[in-house]
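Worksheet for the structure shown next.
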Amino acid sequence: MKIHRIALLGGSGFVGRHLTRHLQNRGYQCVIITRHAYRLHELRTSAEAVEADPYDRSALSTALDGCDAAINLVGILNDGGKAASFRRVHVELVESLVAACQAAGVRRLLHMSALNANQSSGSSQYLRTKGEGENRAHTLGKASIAVTSFRPSVIFGPDDGFLNRFSTLMKIPGPMPLACPDAKLAPVFIDDVVKAFANALEDRSTFGRHYELCGPKAYTLEELVRFIAETTGRRKLIIRMPDWASRLQASVLQYAPGKPFTPDNYQSLQTPSVCSDDSLAALGIAATSLENAGSRILRGDNKSARLHRLRQSRQR
């Protein structure tokens, strides 16, 4: 399958920005389908922006015209109500995209899911709807679209919402109360994630497959926070919160601006976010360690971090 032009939904997000630049460097033409094209300052040199409502199948089909493949990266960590509910974003949007691909003659779809995405995953709406959306992508498109889905653990990179968030929290005076300290995670480097997407794009052996993406090592959340503190040179007292206190914190913080921690986030952390196999290796990628790339990111001395700071300064 030869691909030249690729449409991305969610192309302006963390993964989308890195993936768009990576695909462009490999010689692909990228089109970012968005409702707000004026926000894509950072990607203007590497992608074309097309405005369309992704829930309007007719408009989405028109936006996909001339594309050989589509990539869905859209997802939310917190339910935003009727207009941005888990089900609307993770399931209904997928249904709309598959129908639009079929109407536009797009025969290749890469879908971003999540590790442990499962329609029966406890009481986490995030994982349940992610699982349902992934299932929809594969079943609805089976007859006419080659679908490949990816299930990453937490993704880290120079402009992520994981390492940077905890690094910022470290700056707050006083001890750090840590909910779910024993939650298991296998952080995967953003560069490895985008390589996985790009390597699978034209590889027929990946059609219909589901790939789990993890870093080479699993950690508890407490171990990760201590790594961040040590790497950034901050002496911080970390208080392990018991389960009842973690639940209480989630019930309170769900009402704080930005919803930093919610009951659904708590439920998601109850399932270890670690891989059952080495899908990165299957895609020809050697997993990058957190100690290697994470240390450079936290110290701000890696190439990606410098490029990100340069792009940010140009937008001011």
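Just the residues that are among the β-branched types (Val, Ile, Thr) and part of a loop (DSSP other than H, G, I, E, B), please, taken from the range 50-90.
Result: Val74, Ile76.
Working only within the range 26-82, note down all residues that are among the polar types (S, T, N, Q), farther than 21 Å from Asp160 by Cα and modelled with pLDDT of 90 or more.
Within the range 26-82, Gln29, Ser58, Ser61, Thr62 meet the criteria.
Can you tell me which residues in the range 202-245 are among the polar types (S, T, N, Q) and within 30 Å of Ala281 (Cβ to Cβ)?
Across the range 202-245, the qualifying residues are Ser205, Thr206, Thr220, Thr231.
Check off (1) crowded, with 19+ Cβ neighbours inside 10 Å; (2) within 23 Å of Pro263 (Cα to Cα); (3) in contact with a helix residue (DSSP H, G or I) (Cβ under 8 Å, 6 or more places away or on another chain) for Ile76 and give me the number that stays unchecked.
Ile76 satisfies every listed condition except (1).
Can you name every residue in the range 102-134 that is touching a Leu at 6+ places or on another chain (Cβ under 6 Å) and either under 25 Å from Ile6 (Cα atoms) or not in a loop (DSSP other than H, G, I, E, B) (or both)?
Within the range 102-134, Ala104, Val106, Met112 qualify.
Grab the helices (runs of 4 or more DSSP H) fully contained in the range 191-296, keeping just those with 2 or more residues being within 18 Å of His111 (Cβ to Cβ).
279-282
Take Leu169 and tell me if it is more than 20 Å from Gly75 (Cβ to Cβ), of a type outside the set (S, T, N, Q) and modelled with pLDDT under 95.
yes
With respect to Thr139, determine if the residue is of a type outside the set (Phe, Trp, Tyr), surrounded by fewer than 20 Cβ atoms within 10 Å (Cβ to Cβ) and outside any loop (DSSP other than H, G, I, E, B).
yes
Counting only residues that are of a type in the set (Val, Ile, Thr) and over 18 Å from His18 (Cα atoms), which one in the range 266-309 is modelled with the lowest pLDDT?
Result: Thr271.
Select from the range 215-233 the residues that are in contact with a strand residue (DSSP E or B) (Cβ under 8 Å, 6 or more places away or on another chain) and closer than 16 Å to Ala293 by Cβ and list them in ascending order.
Within the range 215-233, Gly215, Tyr219, Leu224, Phe227 meet the criteria.
Name the single residue that is surrounded by the most Cβ atoms within 10 Å (Cβ to Cβ) among those in the range 81-130 being out of contact with any Asp or Glu (no Cβ under 7 Å at 6 or more places or on another chain) and hydroxyl-bearing (Ser, Thr, Tyr).
Thr129
Which of the following residues is of a type outside the set (Val, Ile, Thr), in contact with a strand residue (DSSP E or B) (Cβ under 7 Å, 6 or more places away or on another chain) and modelled with pLDDT under 95: Lys184, Lys236?
After ruling out the rest, the residue left standing is Lys236.
Would you check which residues across the range 186-199 are crowded, with 23+ Cβ neighbours inside 10 Å and of a type outside the set (Val, Ile, Thr) and list them?
Of everything in the range 186-199, those that are crowded, with 23+ Cβ neighbours inside 10 Å and of a type outside the set (Val, Ile, Thr) turn out to be Pro187, Phe189, Ala196, Phe197.
Here's the yes/no breakdown for (1) buried (at least 16 other Cβ atoms within 10 Å of the Cβ); (2) within 25 Å of Lys130 (Cα to Cα); (3) not charged (D, E, K, R):
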position: Gly157; (1), (2), (3): yes, yes, yes
position: Thr168; (1), (2), (3): no, no, yes
position: Ser205; (1), (2), (3): no, yes, yes
position: Leu213; (1), (2), (3): yes, yes, yes
position: Phe227; (1), (2), (3): yes, no, yes
position: Leu237; (1), (2), (3): no, no, yes
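The values are calculated or read from the model by the stated rules, or taken from the named source; none is laboratory data. What you see is a predicted model, and the numbers here were worked out from it, not measured in a lab. Here the Cβ is made from the backbone with ideal geometry for all residues, glycine too, and neighbour counts use every protein chain on show.
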